[in-house]
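First the structure, in the form of structure tokens, and then the observations on it.
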Amino acid sequence: MTSAAETPLPLAAVRVLAGSGHATEASALAEQPWLIFRAGDVASATEARRLAEWLHQLPCPTLAVAGRDASRAVLRACDVVLRDASDAAPLLAGIRRAPLAAAVLVQLLRVTEKLRIADALYAESLAYATLQGGAEHKRWLREQKPATVRGTDSGSAVEMARSNGELVIELNRPSRRNAIGVAMRDGLVEAFQLAAADDSIAKVRLRGRGKCFSVGGDLDEFGQVPDPATAHAIRMATLPARWLARCADRVEADLHSACIGAGIELPAFARRVTAAPDTFFQLPELSMGLIPGAGGTVSIPRRIGRQRAAWLMLSGKRINAKTALDWGLVDQIR
């Protein structure tokens, strides 16, 4: 049964709230950590602009169920636009599980949408560090079981091979499904620094060895940084996305099977992304009390738009290669 909080407000009620100047009772600290409403026609362009500005400033996720006559300005201001109220269920479940992280996420996406990539990455790191010290992430850490799977792979975590003007970068921890830990992170920084510094490298190909491209950050290494400020400082010094973004116009990413978290956040920066038919994509960080922190709040919205990115990040749902192609997250299914 749908609760009152999950029932979309009529647009008339939202107009009253916006006109009163109040921010509604919806916030990450309230019983209802979202605003969901039915978007329809508005009386004038002035009213649409005023309503859009109000929605853009709300400190919680805003979800619009769009009618045929809905104002485009109002829809653009919302974090997610839905066809039907029933489509909101996975989003509301994600927000309810981590309302603080959800609020930080949508506010970050609104702010960074028009920032330069380098500036947006700084903002992402600060937001991520804030949540690392938060109650929602600490709760997730307490629930984790000790690691049971150990890597058995030989060679460097990131292998590089150059042939003439092409540099091939391969993730080389297949026994760990190419989970990105400190060693792999540092190897990627080194590889992308090389590509960014050497203009004679005309093409960079990014791949993953084994059954999948990458399941994202190595969960066994989460929670090891002593404080959020130190975490931010380390991330800004060792973030592969900063260097990948500098050479992205020469990078092609070849993906297969699982691309989770950083496993799609990083490839999404590339000029061209191809995917095998079995590839799937997922951004589960909200369930950990976090947001994407490998550059995904920057790279993914620039490929598929802020609202689809918010849908992926708030719901934690998987999408397949066909949907990714339709949205523009990948450029070709090979």
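General observations
- Verdict on Glu190 being outside any helix (DSSP H, G or I) and more than 26 Å from Leu141 (Cβ to Cβ): no
Results for (1) farther than 23 Å from Phe222 by Cα; (2) touching a residue at least 24 places away in the same chain (Cβ under 8 Å); (3) of a type in the set (Ser, Thr, Tyr), shown as yes or no for each residue.
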{"residue": "Asp84", "(1), (2), (3)": "yes, no, no"}
{"residue": "Leu91", "(1), (2), (3)": "yes, yes, no"}
{"residue": "Arg96", "(1), (2), (3)": "no, yes, no"}
{"residue": "Leu109", "(1), (2), (3)": "yes, yes, no"}
{"residue": "Ala157", "(1), (2), (3)": "no, yes, no"}
{"residue": "Val168", "(1), (2), (3)": "yes, yes, no"}
{"residue": "Asn172", "(1), (2), (3)": "no, yes, no"}
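- Evaluation of Ser125 against the conditions (1) surrounded by fewer than 20 Cβ atoms within 10 Å (Cβ to Cβ); (2) under 16 Å from the mean Cα position of the chain (by Cα); (3) not acidic (Asp, Glu) shows that the sole unmet condition is (1).
- Subset of the stretch 201-215 [free of Cβ contacts under 8 Å to residues at least 60 places away in the same chain and either of a type outside the set (Val, Ile, Thr) or in a helix (DSSP H, G or I) (or both)]: Ala202, Lys203, Arg205, Arg207, Gly208, Arg209, Gly210, Lys211, Cys212, Ser214
- The residue list Ala324, Ala310, Ala294 contains one member that is over 9 Å from the mean Cα position of the chain (by Cα) and buried (at least 23 other Cβ atoms within 10 Å of the Cβ), which is Ala324.
- Condition check for Asn172: buried (at least 16 other Cβ atoms within 10 Å of the Cβ) and in contact with a Phe, Trp or Tyr (Cβ under 8 Å, 6 or more places away or on another chain): no
- Any chance Arg334 is more than 27 Å from Phe222 (Cα to Cα), open to solvent by 10 Å² or more (accessible area, probe 1.4 Å) and out of contact with any Leu (no Cβ under 8 Å at 6 or more places or on another chain): yes
- Against the test of being out of contact with any helix residue (DSSP H, G or I) (no Cβ under 8 Å at 6 or more places or on another chain) and either at pLDDT 95 or above or charged (D, E, K, R) (or both), the options Arg15, Arg83, Arg50 yield a single qualifying residue, Arg83.
- Top-ranked residue in the stretch 108-159 [being under 23 Å from Phe213 (Cβ atoms) and hydroxyl-bearing (Ser, Thr, Tyr); ranked as modelled with the lowest pLDDT]: Thr148
- Positions within the stretch 74-117 being surrounded by 15 or more Cβ atoms within 10 Å (Cβ to Cβ), more than 17 Å from Leu283 (Cβ to Cβ) and of a type in the set (Gly, Ala, Ser), in sequence order: Ala77, Ala85, Ala88
- For Thr62: the one exception among (1) over 30 Å from Ser125 (Cβ atoms); (2) crowded, with 16+ Cβ neighbours inside 10 Å; (3) among the hydroxyl-bearing types (Ser, Thr, Tyr): (1)
- Residue count, the stretch 160-169 (criterion: aliphatic (A, V, I, L, M) and either surrounded by fewer than 18 Cβ atoms within 10 Å (Cβ to Cβ) or modelled with pLDDT under 95 (or both)): 3
- Note on the stretch 251-270: among residues that are over 18 Å from the mean Cα position of the chain (by Cα) and farther than 12 Å from Gly208 by Cα, the one that is least open to solvent (accessible area, probe 1.4 Å) is Val251.
- Answer residue from the stretch 180-209, given it is hydrophobic (A, V, I, L, M, F, W, C) and open to solvent by 10 Å² or more (accessible area, probe 1.4 Å) and is nearest to Val225 (Cα to Cα) among those: Val182
- Odd one out for Thr230, checked against (1) surrounded by fewer than 20 Cβ atoms within 10 Å (Cβ to Cβ); (2) within 20 Å of Ala179 (Cβ to Cβ); (3) at pLDDT below 95: (2)
- If you go through the stretch 307-334 and pick out every residue that is more than 30 Å from His56 (Cβ to Cβ) and assigned to a loop (DSSP other than H, G, I, E, B), you end up with 2.
The values are calculated or read from the model by the stated rules, or taken from the named source; none is laboratory data. Treat the numbers as computed from the prediction; the structure is a model and nothing was measured. All Cβ positions, even for glycine, are placed from backbone atoms using ideal geometry, and neighbour counts span all protein chains on display. In case anyone asks, the SASA skips ligands and DNA or RNA and just uses the protein heavy atoms, side chains included. Shrake-Rupley method; radii C 1.70, N 1.55, O 1.52, S 1.80 Å.
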